[in-house]
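One structure is given here, and the rest of the page talks about it.
Read the figures in this text as sums done on the coordinates, not as results from a lab. Note that the coordinates shown come from a computational prediction; the quantities given were computed from them, not determined experimentally. Counting neighbours? That spans all protein chains shown, and the Cβs are built from the backbone with ideal geometry, glycine included.
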Ligand SMILES: Cc1ncc(COP(=O)(O)O)c(C=O)c1O
């Protein structure tokens, strides 16, 4: 190539390339443009969740089939967005379609328990090693209940969260989700930064913040607030800052520290859940927390969340000390789909296939990174993966902050214009391979990455 690996990319040329790709994007999306203009009059911001806003405009989707998604302009994409990771089953998987079709004809809501809820709870208990479960309707509800439960069980009000982890949009965890570099303070003692407006400081003041992969930052908070910390909530593999894995001994060390201070540990596996492996990060790293939160993929595309806990902790729910409630919790439709997902979709054979596709993506993209001398590396686990545009490993949110997000946006645009939909929001997100993806799908993804790498090197 004649270029020295590791050479930085000229910013202005990168912006020009982004503008060219955004122009191509818009040229292919005239119907999305019309829908968006219409939507602006009735949907706040033209979308149904603020994270559906993409640059230069939202993409309105018509339908999904298998590993593909088709937009309202008729463009077909290999779907590696996976609905922010909920799409592990792919679209319209026959096992899910069959049970959902049956269930809608016999009732979608009773607000009374049913057999499928028991079967799903038994399956999750076996996979994740915690005995007692309850269901919710989202990841946010699951982590909200987990935080309440940690407080209810200990009678303490403070919690610790990790800088850069996202746990949904309830008050207690809307702290230091994606703070700017000028707000965060020292790395050993991060400053808690409110993540949104509209949340009273009386609540967010109860949330303390520590650094990922740094036990001393947690120990400091525990020592500084004796008998006041209910517990810590963490994504055991960070998946809202690209992908950041726990270093050896980190999760076990956290557990030890918390036990020593009479505090509890919650793993938020809403994203990692079934995607990192059959028993999530909990299964991979062999550390058993007091609570696990799940959502996204477990419903096979339907709406469901779950909280699993130890007997001791769930006793608060059993005896009514903590009332864990919700009209649609464990509704028959979601339970039927979850049962099908757990029993028929995420089988050992499905994980073998996912592993084959995952290995190929990592091998080929890493090869292209080396070939083109990009300052980047691939981080992946199970169905999830991302290209991290940094020459050195990213260990925590501070390292992540330093990444130039324009590389991710350009990569997203090149993939999109080349027929592959990745999640938007640049460096924060990662791909999800579904059980319905094929070798051909991965080939397109890898070919597009080669185009991207070639473009990036050209603008050096
Ligand atoms: C780790 C994690 N926890 C919780 C949530 C919130 O889940 P939901 O969007 O279903 O409320 C998310 C959403 O992306 C997440 O990534």
If 371, 296, 68, 245 are placed from fewest to most neighbouring beta carbons inside 10 Å, the sequence is 371, 68, 245, 296
Can I get the semi-axes of the range 106-198's equivalent ellipsoid? Compute them from the C-alpha gyration tensor as square roots of 5 times the eigenvalues, in angstrom, largest first.
34, 15, 13
Average Cα contact separation per residue, the chain, under 8 Å, 6 or more apart, as relative contact order %:
24 percent
To the nearest Å, what is the center-to-center distance of the range 435-459 and the range 22-42, using C-alpha atoms only?
25 Å
Relative contact order (%) - criterion: Cα under 8 Å, at least six apart; region: the range 70-206:
13 percent
Under the rule rounded for a/c under 1.5, else prolate if a/b exceeds b/c, else oblate, using alpha carbon gyration tensor axes a ≥ b ≥ c, the range 243-392 is classed as oblate
Two-decimal Rg/Rh across the range 30-99, once Rg and the Kirkwood Rh are taken from alpha-carbon atoms:
1.02
Please report the relative contact order for the range 94-345, taking Cα pairs under 8 Å with a sequence separation of at least 6, and give it as a percent rounded to a whole number.
31 percent
Going fewest to most other Cβ atoms within 10 Å around each Cβ, 288, 363 line up as 363, 288
Can you give the direction-averaged projected area of the convex hull of the alpha-carbon atoms in the range 94-345, in nm²?
13.3 nm²
Provide the packing ranking of 185-197, 417-429, 113-125, i.e. peptides ordered by the mean count of other C-beta atoms within 10 Å per residue, highest first.
417-429, 113-125, 185-197
Computed over all unlike Cα pairs, the Kirkwood hydrodynamic radius of the chain in Å stands at 22.9 Å
Using the alpha-carbon centroid of each, what span in Å lies between the range 345-414 and the range 270-300?
20 Å
With runs of 4+ DSSP H residues as the only contributors, calculate the mean residue ellipticity of the chain at 222 nm using -39,500 (n - 2.57) per run, divided by the residue total and rounded to the nearest 500.
-12500 deg cm²/dmol
Considering only DSSP beta bridges with both partners in the chain, what is the antiparallel share in %, to the nearest 5?
60 percent
Fewest Cβ neighbours within 10 Å first, please rank 51, 412 accordingly.
51, 412
